[in-house]
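K.L.:
First the structure, which I've put down as structure tokens, then a few questions once you've had a look.
Just so you know, all these numbers are worked out from the coordinates, no wet-lab data involved. Fair warning: this is a prediction, and the values are worked out from it, not measured in the lab. Here Cβ is always computed from backbone atoms with ideal geometry, including for glycine, and neighbour counts include all displayed protein chains.
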Amino acid sequence: MGGDRLQHAESSRVVARLEQEIGQGKRTILGEISAQSIQRFAMTVGETNPLYFDVEYARSHGYTDLPAPVTMLSSIVNWQPGPLEAHLRPDGTVDNNDPLTAGFRRLGGGQRLELVSPVVAGDRITLVSTMTQVYSKPGADGDLIFLIYENRYLNQSDDLRVICTQTLILR
Amino acid sequence: MAAISFSAIRPGDPIPSQMRRPTALQIFRFSAVTWNAHRIHFEKEYAQLEGYPDILVQAHLHAAFLAQMVTDWAGPDVRVVEFGWTNRRYAVAEVTLLLKGKVARVWQHAGRSLVACDLYEENEAGDLLVQGSATLLFPPS
């Protein structure tokens, strides 16, 4: 863990423990997607598309309000107000207090989004997150553990809006 | 931004390429809007401690660039129904990123007009930084 090579015996043990989490959906209310948050995200990434800034333009193209840019929902690292700075890790990341993965370096392994229906300004989003797979593979410098999550984003009517399949790599 | 017609699209068609050069300010604001306090995106000394020459462009910022390239080409009446990407190699601030793509497949299914695209992001040396894909739903004509 940390800077050390992850030996196969240790990774097998961690995988076996993580496998017990598979299929257990965790439901979290994320909050409202505001017009301001949509516009700030769009502005920040350099979008000039009036869909994200002009409500009448958005409505004239079939949206009920400003749509969230394609990658916005799954880009938000933390939806909560906090934590307190003192509770952040030294590198500035949030400690998810998960004893199963504590001490590992976490790398993003990619995402795949299924955009079922547009998310628009005013939608209140709930996330249902489920681990679907965990396995280890030998890497160049010790074993890597792959965690696959299915994150379903629902709106205030519990209608499915986005499915994000995310791969996290621990080493 | 002219929209493209489904009937005009063929497999192999290139998506108009775009260029980005994310600044430290853009990277900072992206961390702000995504509520990400990871020092690797705003503190050069910390990034260097982690073995990088400078602050890193966020994985999701790369993705946002590729999504923009696709939606700029497709136009406001097209819906992105699938979008995926994998980061292959890091990029630091003030590096030129070249966004490219091409149409992989054009088909109709259950009355829906669909286009699948392969997307790429490279640096000026030609290194592949991000590999991605998108599926677009075109309006009925």
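K.L.:
What is the Å³ per residue value for the convex hull set by the Cα atoms of segment B:1-74?
P.N.:
117
K.L.:
Compute the length gained on full extension between B:ALA104 and B:LEU25: take 0.36 nm times their separation in residues and subtract their Cα-Cα distance, giving the result in nm to one decimal. Spell out each step's value before the answer.
P.N.:
On the way: separation 79, 0.36 × 79 = 28.44 nm, distance 3.50 nm.
Extending this stretch completely gives an extra 24.9 nm.
K.L.:
Once you've got the GNM for chain A with C-alpha springs shorter than 10 Å, pick whichever of A:VAL116, A:VAL15, A:VAL77 has the biggest mean-square fluctuation.
P.N.:
Its mean-square fluctuation being the largest, the pick is A:VAL77.
K.L.:
Here is a follow-up. Per q in 0.10, 0.11 Å⁻¹, report the Debye log10 I(q)/I(0) for chain A, using one uniform scatterer on each alpha carbon and no solvent.
P.N.:
-0.48, -0.57
K.L.:
Something else now. If you build the Cα gyration tensor of segment B:44-98 and take the root of 5 times each eigenvalue, what three semi-axes come out, in whole angstrom, biggest first?
P.N.:
29, 11, 8
K.L.:
Give the whole-number value, in cubic angstrom per residue, of the convex hull volume spanned by the C-alpha atoms of segment B:58-140. Can you show the working numbers first?
P.N.:
Details: hull volume 7.1 nm³, N = 83.
Once divided by residue count, the hull of segment B:58-140 is 85 Å³.
K.L.:
Which stretch or stretches of segment A:10-53 have amide N atoms under 19 Å from the point lying 7 Å from A:ASN96's Cα along the Cα→Cβ direction?
P.N.:
Residues A:11-31 qualify, since their backbone N sits under 19 Å from the label point.
K.L.:
Given Cα positions, please report Rg to Rh for segment A:1-65, the hydrodynamic radius being the Kirkwood one.
P.N.:
1.34
K.L.:
State log₁₀ I(q)/I(0) for chain B at q = 0.13 Å⁻¹ as given by the Debye formula over alpha-carbon point scatterers of equal weight, solvent excluded.
P.N.:
Scattering profile of chain B, log10 relative to I(0): -0.60.
K.L.:
If I model a spin label at B:GLU50 and A:GLN7 as a point 7 Å from the Cα along the Cα→Cβ vector, what separation in nanometres do I get?
P.N.:
Modelled inter-label distance: 2.9 nm.
K.L.:
Could I ask something else about it? Give me Rg over Rh for segment A:95-171, both radii from the alpha carbons and Rh done the Kirkwood way, two decimal places.
P.N.:
1.08
K.L.:
While we're here: Taking a cut-off of 28 Å between Cα atoms, list the lysines near B:LYS44, but don't count ones fewer than 8 places away on the same chain.
P.N.:
Correct list for B:LYS44: empty, as no lysines qualify.
K.L.:
Over the Cα atoms of segment A:9-105, how large are the radius of gyration and the largest Cα-Cα distance (Dmax), in Å?
P.N.:
Spelled out, the Cα radius of gyration and Dmax of segment A:9-105 are 19.1, 59 Å.
K.L.:
What fraction, in whole percent, of alpha-carbon pairs in segment A:71-111 exceed 11 Å separation?
P.N.:
Tail of P(r) above 11 Å: 75 percent of Cα pairs.
K.L.:
So, in nm, how far is label B:ALA3 from label B:VAL81 when the simple model puts each one 7 Å beyond its Cα toward the Cβ?
P.N.:
1.6
K.L.:
Whole number please: convex hull volume per residue of the Cα set in the protein assembly as shown, in Å³?
P.N.:
145
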